[in-house]
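Shown next, in structure tokens, is the structure this report addresses.
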Amino acid sequence: LAKERGKNNYQFYNSSLHEKNEKKMRIEGKLRKALEHNEFVLYYQPKIELSTNRLVGVEALIRWYNKELGFVSPADFIPIAEELGLIIPIGKWILREACRQCVEWQQLGFKNLSVAVNISPRQFKDPSFIQTVVNILEETGLSPHYLELEITESIMEDIKRSRAILEKLKQVGVKVAIDDFGTGYSSLHYLCHLPINTIKIDKSFVDGIHISAEKVAILQTIIDMGHRLQFEVVAEGIETRSQVDFLVNHSCQVGQGYYFNKPLSVNDFEKWYIAQAFANKA
Ligand code: C2E
Ligand code: MG
Ligand code: MG
Ligand code: MG
């Protein structure tokens, strides 16, 4: 399956508005049937402790292959699923599958493996969301502290409601990360008073160290702020050794990116896991 990527990648970006609408409509029709046709799989990208190179967890990332459309990027179909409300059943499937897989890996002896799952805004606000999380944890047997939910700064738009949801999630015992941190509008006032565990610094800031002194200053400031507010700080989109060095020097503990791994299929992750576990012992 992976070999076909690129070759048969559904083009979305480089097209006119009219073409985009037409493509969106084609995606919609297929998306409505994708779950029942088993067209989704989850890939997993390792999260690495930067100073030791050790695995600390994985982020689940959805992949969709449709016979006619080929591979469709989640950046293209998740917003459509969100708009159509399909994100509710699809999101439930993602959460269940990620938790199930994590338990399977733990049972195989993959130690202390935690899993992060992206939650879209509509899913987060859905009245049955908390119950869904509780049910899936119970169903799969995953201990709540091994699950981290990645949400975005858009939760700041309705701070009262979001706070209530976050408080309940804390009671359930799952962790929460703010994904793509720095790209939205976070009120710093609210940020430090919300029950959030982690901020994930957006790739655009990590890229900054190769761009300009100003961008470096921003990256450094975000890391420092995160630490002062006692969040775990995770860097996304790490592609170079010098980014790793910079982050370690500024005591950003955890990161993910192509420098370490692309998101991996279950099979490839298991192969990689065994190889690195062996290498770390030797
Ligand atoms: P995200 O959650 O911020 O995920 C990070 C994205 O950056 C992923 O793209 C990942 O493959 C990519 N990435 C990781 N490391 C690097 C790197 O070093 N360089 C570059 N250029 N890219 C890197 P992906 O898998 O295409 O997902 C895109 C977005 O779609 C995600 O951003 C997330 O917002 C959404 N998404 C993906 N899977 C899910 C899902 O299961 N549920 C929901 N609700 N959204 C998802
Ligand atoms: Mg994410
Ligand atoms: Mg992100
Ligand atoms: Mg992102």
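The values are calculated or read from the model by the stated rules, or taken from the named source; none is laboratory data. Since the structure is predicted, the reported quantities are computational estimates derived from the model, not experimental observations. FYI the Cβ positions are ideal-geometry reconstructions off the backbone, even for glycines, and counts take in every protein chain you see. Note: accessible area is taken over every heavy atom of the protein model, side chains too, but ligands, DNA and RNA are not part of it. Shrake-Rupley method; radii C 1.70, N 1.55, O 1.52, S 1.80 Å.
When each of Ser162, Ser154 is tested for being within 15 Å of ligand 4 (Cβ to nearest atom) and over 21 Å from Gly257 (Cβ atoms), the lone residue that passes is Ser154. If you go through the stretch 232-247 and keep only what is away from ligand 3 (no atom under 15 Å from the Cβ), open to solvent by less than 20 Å² (accessible area, probe 1.4 Å) and not β-branched (Val, Ile, Thr), you end up with Gln243, Leu247.
When the residues of the stretch 214-273 are filtered to those that are hydroxyl-bearing (Ser, Thr, Tyr) and in a loop (DSSP other than H, G, I, E, B), the one that is nearest to Val176 (Cα to Cα) is Ser251. One residue stands out in the stretch 194-212 among those that are open to solvent by 50 Å² or more (accessible area, probe 1.4 Å) and within 25 Å of Ser114 (Cβ to Cβ): the one that is farthest from ligand 4 (Cβ to nearest atom), namely Asn197. Against the test of being within 19 Å of Ser120 (Cα to Cα) and modelled with pLDDT under 95, the options Thr198, Thr183 yield a single qualifying residue, Thr183.
Taken over the stretch 141-167, the criterion of being more than 14 Å from ligand 1 (Cβ to nearest atom), touching a residue at least 40 places away in the same chain (Cβ under 8 Å) and open to solvent by less than 30 Å² (accessible area, probe 1.4 Å) is satisfied by Leu142, Ile165. Give the residue that is nearest to the chain's Cα centre (by Cα), with candidates limited to residues of the stretch 169-182 that are within 18 Å of Gln220 (Cα to Cα) and within 12 Å of ligand 2 (Cβ to nearest atom). Taking the candidates together, the pick is Asp179. Taken over the stretch 168-184, residues that are within 16 Å of ligand 4 (Cβ to nearest atom), open to solvent by 10 Å² or more (accessible area, probe 1.4 Å) and either of a type in the set (A, V, I, L, M) or part of a loop (DSSP other than H, G, I, E, B) (or both) amount to 3.
Has the stretch 256-263 got any residue that is farther than 23 Å from Glu157 by Cα, under 16 Å from the mean Cα position of the chain (by Cα) and charged (D, E, K, R)? Within the stretch 256-263, one or more residues are farther than 23 Å from Glu157 by Cα, under 16 Å from the mean Cα position of the chain (by Cα) and charged (D, E, K, R).
The C-beta contact set for the stretch 91-120 (first residue open to solvent by 40 Å² or more (accessible area, probe 1.4 Å), second residue of a type in the set (Asp, Glu), distance under 6 angstrom, 6+ apart or interchain) comprises Asn118/Glu150. Checking each residue in the stretch 23-50 for being touching a residue at least 60 places away in the same chain (Cβ under 8 Å) and among the basic types (Lys, Arg) picks out only Lys47.
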